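The structure appears below as structure tokens.
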Amino acid sequence: MTSQPSSVPPAGASAAPSGTAPKGAPSLRLNSGYGTDRGLRREMNEDSFIAVDPVFAVADGMGGHEAGEIASGICVRTLAEVPQLATGERGATAAIVQQALLKADADIREATGSRAGTTLSGVVVVEQMGIPNWLVMNIGDSRTYRLSQGQLSQVSVDHSEVQELVNAGEITTAEAAVHPRRHVVTRALGTGDETEADYWLMPVEDGDRILVCSDGLNGELDDEHIARVLGAEPDPQAAVDQLIQAALRSGGRDNVTCIVVDASNAADADSAAGQSRR
């Protein structure tokens, strides 16, 4: 059910702690689960993903006839090759990530003749003075959610025609979910003029749960359903499997990919970092 596309670098279900915390300080611990499925109506799976500390991201390819798969694969491989990410360090910045995305954009255009593109959403774990943060990145309509203290919130903001209509007050969020142009993105890598991702920096809180998904998940399940699964299932891999199965039962009209990342030891890492600066 959750076969991994060949274009995706190997990913560990349990992400190893980074060594960039201050010497002697407890490090933030991450535990992740991931999965992908072609869905019930698509001939191919054009999604790709990476789930290796410190980067957890989903790319949803667009173009069909293998071109979308090529675009999303180039995107995640480019991220995997960034030195600050490939070594498992947590020292990346938004500027470093953006440079990688610009390279991915150029490589996708060259490989596909600008016939294909990809969205990208996810988190990079970064430590500033030993304090861990989620660096959320997004371009297109894949999504990153955060479950914190029992509350689910969508961190990323879709780059889509329907989101622009919602922002303008012309339609409601509920209407956007069934709008005929809900799949039309306004920003992507490999195609179009807009290649700048949006970024958010948020301190990691102990017990945080991050969900990164392609729109094949949130297109089938509303936020209430997603929150219910994430809140009820403590194991990240089991939560991923349940979400994908629920999306398939709901219709599975698109490729569906998701990553769940759990953070622990964050409070201890923060405390130790503060002591080390005194």
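The values are calculated or read from the model by the stated rules, or taken from the named source; none is laboratory data. All values reported here derive from a predicted model rather than from experimental measurement. Virtual Cβ from ideal backbone geometry, glycine too; neighbours counted across all protein chains shown. What goes into the accessible areas is simple: the full protein's heavy atoms, side chains included, and nothing from ligands, DNA or RNA. Shrake-Rupley method; radii C 1.70, N 1.55, O 1.52, S 1.80 Å.
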Task: Average accessible surface area per residue within region 33-186, 1.4 Å rolling probe, Å² - done: 42 Å²
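State the extension gain, in nm to one decimal, for the chain segment bounded by residue 222 and residue 96, taking 0.36 nm per residue of separation less the distance between their alpha-carbons. Could you put the intermediate results ahead of the total?
On the way: separation 126, 0.36 × 126 = 45.36 nm, distance 3.33 nm.
Roughly 42.0 nm would be gained on extension.
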Task: Furthest towards positive pole of dipole, 58, 86, 73, structure part region 48-102, Cβ charges - done: 86
